[in-house]
Every structure is written in structure tokens, then in C-alpha cells.
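To start, the structure itself, in C-alpha cells.
Bear in mind these aren't lab numbers, they're just calculated from the coordinates by the rules spelled out. Note that the structure is predicted; figures quoted are calculated from it, not measured. Neighbour counts are summed over all protein chains in view; Cβ atoms, including those assigned to glycine, are modelled from backbone coordinates with ideal geometry.
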There are 2 protein chains.
Amino acid sequence: MINKLVQEIKKKNAPIVIGLDPMLSYLPKHLLDEAFREYGEGLKGVAEAIFTYNKGIIDATYDLVPAVKPQIAMYEQFGIEGLMAFKRTVDYAHEKGLVVIGDIKRGDIGSTSTAYASAHLGKIMIGDKAYAGFDEDFATVNPYLGSDGVEPFIKVCKEEKKGIFVLVKTSNPSSGEFQDRPIADADNRPLYEIVGKQVAAWGETCMGDPYSYVGAVVGATYPEMGRILRDLMPKSYILVPGYGAQGGKGSDLKPFFNADGLGAIVNSSRGIIAAYKQEKYASYGEEGYADAARAAVTDMRDDIAASVGLS
Amino acid sequence: MINKLVQEIKKKNAPIVIGLDPMLSYLPKHLLDEAFREYGEGLKGVAEAIFTYNKGIIDATYDLVPAVKPQIAMYEQFGIEGLMAFKRTVDYAHEKGLVVIGDIKRGDIGSTSTAYASAHLGKIMIGDKAYAGFDEDFATVNPYLGSDGVEPFIKVCKEEKKGIFVLVKTSNPSSGEFQDRPIADADNRPLYEIVGKQVAAWGETCMGDPYSYVGAVVGATYPEMGRILRDLMPKSYILVPGYGAQGGKGSDLKPFFNADGLGAIVNSSRGIIAAYKQEKYASYGEEGYADAARAAVTDMRDDIAASVGLS
């Protein structure tokens, strides 16, 4: 799947993933009204509106981007109905040929990580039939529990030719509280570097061509750390959140890329899916939210190309 | 909710939580056969069997224990159907008066943690009505992202009078890979102590009587570290996994308790819910799995009382 991701990034000349993180406040009124009329003003109505909203964005952008990244928390907050909208979104994105990165940030002790890996990347056997729970192509994974919490994901990645992005240095303001602490038995290098080195080691065991099945999450908001991590994990794709609404700029992105113009894929959520709320795209109006998203993707692609020096 | 948990622990004289972590291989054949006959041999059939299995265990033990801890991964692996069984389990445990600890190990950047907190501990407003997604009483939380990833959970805990257990030192063999690393700017103390101190600080902001809404997860497999963490977080309840099947013994548990005989609640999953598979409880047979679970709870209570010196 990393090979497909790289191919699609090259083909579309867009190292961009759209974060499908629907907040209730992003949903245009006409979609909510319609869904509430048919399914009632409740969890089922919202879930239906979320799926319709996502479908509109996917339809308007799938020819421009290689991948989407639904953030499962935004669906989980609407309970079972919300998670059904998550699953429908994954399936619909697949129908449109998109790579799907499940932003799930799971991670647990071995047997439990095995269950999460089965849920999101693998299959579960019942009798002699295999069933896929959510069936994303990539998942984000939290490394706090160490190797035996991550390796079950890697095992499933090998079986299914799928991939993971391990949290190394996250985009949020207080990510440094634990991630930046200097590790005394590693020349006082920060924890995120220790994790980054481990990501590179895990990645060596499951190489695509030429990138690994095991990537990393490093926030756009920390470009200097991105530069160091890029060097420590040369074969790991970096999923870069934090561009746009969180404060990361195009000019911050260059360190995340390798000299081949590859090696990073930049996420934008709000900046694309709720573009219609920005003054810049206000002329599209609420009903034109999908076209506004398309315009925002085009602008983001140009911003990254100019900043990173992609051809 | 921490007050209720402490009361129930005292009343039942059992600092025990049953981990409702149903593996497919634990489910007795008669339950699977019956569910497959009615719902087909697939995800729905398994989910039905899981709920029936959990219900049997809850019915057989709810008078003995204060709490259950369903591990959501074990449900998530069966997709939407599995998560419906999770939700039914939470609701049924509540009907029986049990405290429910959702073992979800979530944690993300602020806005996303807010969504997870709403999903599992809080409510979401749609129009002027509030809806609860999963509605556990406590949730486990991963601290890797730092304070702004944890505080949204604490905010919801304050609103809803619920609680969290933050991963500090996990029970798995490789938990030390990152958690034990010496932090140079903190007198070379290990990372888990830094996290533990932060748990105590977070906990100060939302005190029950006399324990905090913010607890910690510390594995039974690391009793010496448990002793240090007990002192660092005197007001935090410690959720202790790793007893039984993972290797933690009754004699390892004393350091996790305070002098008042409180302060810790010990989880056992396999050792209780699949007790019927152990030689010791084999006479109950597969059909007597719930009675075997009850016997295992009684034995665990006696083992802990003897080891910890509870009256």
C-alpha cells in the first residue's frame, strides 16, 4: 500500500491528504436539514449528514489527491451511528480509488494491539470466512507502550501489505511535555528522536519500494524537528498534520521531504473540508462547500509545490 | 464516580475489576452455536454471543465486584456489530449497578481528545438534546501527546463527575522501552515518574473525597515501580492490570495500595472470564463458565486480601 500511496502522490503531483474530520459545526445547513427530515434530529440524522458531506468532498477532490484521512474520534463521538458513517466513508473513498489512512491513534499491549490491527487493517476469521471490521489502508499508532504494542500492527501490515504511521512528534502545543524530554542514556537526545530511530528500525523489517510500510507522524508545527527526524528515518514516509488551521505554513514543510521530492504527505482537515467558512472561499457559499474544498486543495497543492520546490 | 467506585470497593471488600475482554476462543460452543443459529455465522452472530457471554459473567459476579472493564479493542475487531455488543455490555453493567471502566486508551490533540471524551464520558448536543455515545464511567487515556491531549478528558470528567486512568507504566514486557528511559532534566528519573507526577498534578484539579477523578494505570508486573508511583500520586487511584494470566501475583500487589487499604483496583480478564479453561475450574465445564468466573473472583478476592492484608 505504501507503493500505491507513493505512485498516487507522484501521479497526482500532490503530497496531500484530506483530513475528513467532520465537526457538527462544519456541516452545511441544507445537508443537516435534509438528513434530519429523513432520519430525525438525532445521532442517525447527523451520521447521515456526515456521510453525505464527506461524499460531496470526496466527489469534488478524488481526482486531485491520493488519500483521505478520516479521524475516527469525530465519528466515535456520535456513537454507533457515527462509526457507521466512518465505515461508509472508508468504503466510499475506496470506491473512488483513494488510499485511506485511518487516524485512530490506537496502541495497547500485544494481544490488544493484535485486536486493533485486525479491526482496522486486517481481518478476523469466523469459521472459515474472513471478515474485515473497518478495512483502512493505513492506521496511525501510538508508541507509548513500546515494541510489543506496535509489532502486532506491523505483523498485520506484512500480511495485508498495508501500513502504519507511528506518532513521533505530534503537532499540538504541549507535545513537547513528554516527547521533547532529553534521554540521559542516549546522549540527552529528545524522546521523539528515540522513537524516530525505533520507527526506522521497525520500518527496516517491512520495506516497500523504496519506502517502508512503517511511517511516522511529525507535526508541521515543528519544522526543525522535522528536519532531524527526516534524516533519522530516511525510508519512512512522514504524515505531517498541523498545516493550515493549526499554524503550519507551506514554508515550514520543506524539511519533511527527501531530496527526491517524496517522503512526506501533508494533511489538512478544517482548511479544506470547511474552506467555505473562510473569507477566501466565501463566494462558494455553504451549498458550494465541496467546490470550495476543491479550490482549497488546488491552492494547497500550489503552496506546497512552491515552498518545497516540487516540479 | 471515583467516590462511588471507592464506596463499592469498600462495600464489597473487593478491589477487583473484571476485564470483559472476550476473545473468540473464550466463547463457549453452546453460546456460539445458539447465536449462529439465530443470527448467522458472521459478525452479528459473534457479537450476539459476546454479549450473552458477558451478561452471564455479569449476572454471576455483580454482587461480588464493584466494576467491570470492557477492552474496546476486543469488540472493535468485530466492526460495527462488535461495538454494538460493547455498548450493550456497558448498558447492562450499569443496569446491574456496576461501575464501568472503558479500556479505550484514547488520546489525541486537543480538539480530537474533546471528541473522544464526548464519545466515552460525555454527551454531544444535537439541537437542544444531549446524546451519549458510549457512556462509560471511567476511560483509560494515553498521555504521549501531553497535557493538551489529556485536559479535554479532565474537563468532561468535571462536568460529568466521571474519571480517567492515565497510562503511566503499562504491564507489557516492552513497556520500559520508552517509559523507563531516564530523563536528563529531571535527575535522570524515568519517564513514567515524570508522567506519574503530572497525573498527580492533573488530579489535584478535580478531587473526589479523598481520591481524585484522575487515576493511573500501573502494571502488576512492575511492583517496585508501583511502590514509587504510589508515593508520587497519593491521591490517584491506580488501576492495576497484569494480575494472573500476565504474571502478576497477589504478593506483588501490596505496593499499589495505600495504608488505608485503598488506592488500587486490580484487573483480571482471562483469569476470570475464561476461568473454566483452567484446570482448577475445569469441573464447571464450558456451560458453567459463569459459575467458574464467580469462583475465580472469590479466589482472587481471597488472594488479594491475604497478600495485601485487607481486613
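Between A:Lys254 and B:Asp128, what FRET efficiency follows from the Cβ-Cβ distance if R0 is 51 Å, with the result rounded to 0.05?
Values: r = 48 Å, r/R0 = 0.94.
The value I calculate is 0.60.
Considering every pair of different Cα atoms, what Kirkwood radius, in Å, is found for segment B:96-138? If you can, show how the numbers build up before the last one.
Working: mean 1/r = 0.0893 Å⁻¹.
Averaging 1/r across every pair of different Cα atoms and inverting gives 11.2 Å.
In terms of its alpha-carbon gyration tensor, chain B comes out oblate; a/c meets the 1.5 threshold, while b/c is at least as large as a/b.
With a 10 Å cut-off around each Cβ of B:67-77, the average count of Cβ atoms from other chains is 5.
If you place +1 on the Cβ of every Lys and Arg and -1 on the Cβ of every Asp and Glu, how big does the dipole about the Cα centre of chain A come out, in debye to the nearest 20? Please list the in-between numbers first.
Details: 34 positive and 41 negative charges, 93 e Å.
The dipole of chain A has a size of about 440 debye.
Using the 10 angstrom Cβ neighbour count as an exposure proxy, how do A:Phe51, B:Phe86 rank, fewest first? Please report the intermediate quantities before stating the final value.
Details: A:Phe51 22, B:Phe86 28.
Least to most surrounded, the residues fall as A:Phe51, B:Phe86.
Shown for A:Glu224, A:Glu48: other C-beta atoms within 10 Å of each C-beta, ranked fewest to most, produce the order A:Glu224, A:Glu48. Each of A:Ala305 and B:Ala305 was given a label point 7 Å from its Cα along the Cα-to-Cβ line. The distance between the two points is 7.4 nm.
For chain A, relative contact order (Cα pairs under 8 Å, six or more residues apart, normalised by length) works out to 17 percent. In this structure, the pairs whose alpha-carbon distance is over 20 Å, taken from B:Lys10/B:Lys197; B:Lys29/B:Lys55; B:Lys4/B:Lys158; B:Lys4/B:Lys129; A:Lys162/B:Lys105; A:Lys155/A:Lys235, are B:Lys10/B:Lys197; B:Lys4/B:Lys129; A:Lys162/B:Lys105.
Please arrange A:Ile58, B:Ile164 by how many other C-beta atoms lie within 10 Å of their C-beta, fewest to most.
Working: A:Ile58 21, B:Ile164 32.
So the residues, fewest neighbours to most, are A:Ile58, B:Ile164.
Counting only DSSP H runs of at least 4 residues, each contributing -39500 (n - 2.57), and dividing by the residue count of chain B, the helix-based mean residue ellipticity at 222 nm comes to -13500 deg cm²/dmol. Computed FRET efficiency, Cβ-Cβ of A:Lys12 and A:Arg37, R0 45 Å: what is it to the nearest 0.05? Between A:Lys12 and A:Arg37 the formula returns 0.75. If only the Cβ of Lys and Arg carry +1 and only the Cβ of Asp and Glu carry -1, the dipole of the protein assembly as shown around its Cα centre is close to 460 debye. Please report the spacing between the Cα centers of segment B:36-101 and segment A:65-79 in Å, no decimals. Going from one Cα centre to the other spans 25 Å.
Please label the shape of segment B:246-295 as rounded, prolate or oblate, based on the square roots a ≥ b ≥ c of the eigenvalues of the alpha-carbon gyration tensor (a/c under 1.5 means rounded; beyond that, a/b larger than b/c means prolate, else oblate). Taking the square roots of the gyration eigenvalues as a ≥ b ≥ c, segment B:246-295 is prolate. For the protein assembly as shown, rounded, prolate or oblate, judged on the Cα gyration tensor with a ≥ b ≥ c (square roots of eigenvalues), a/c < 1.5 rounded, else prolate if a/b > b/c? Prolate, because a/c is 1.5 or more and a/b exceeds b/c. Applied to segment A:287-293, the Karplus parametrisation 6.51 cos²θ - 1.76 cosθ + 1.60 on θ = phi - 60° returns per-residue 3J(HN,Hα) values of 5, x, 4, 6, 5, 4, 4 Hz, with x for Gly and Pro.
Rounded to the nearest 20 Debye, what is the dipole magnitude of segment B:253-302 about its Cα centre when Lys and Arg each give +1 and Asp and Glu each give -1 at the C-beta?
Working: 6 positive and 7 negative charges, 35 e Å.
For this selection, approximately 160 debye.
Taking chain A as a Gaussian network, Cα atoms linked when under 10 Å apart, which of A:Ala115, A:Ala14, A:Ala259 shows the biggest mean-square fluctuation? Comparing A:Ala115, A:Ala14, A:Ala259 in the GNM, the peak value goes to A:Ala259. At an R0 of 56 angstrom, the distance between the Cβ atoms of A:Lys29 and B:Ala282 translates into a FRET efficiency of 0.35.
Between A:Phe78, A:Ile18, A:Ala49, the Cα set farthest toward the positive side of the dipole of segment A:1-153 (charges on each charged residue's Cβ, about the Cα centre) is that of A:Ile18.
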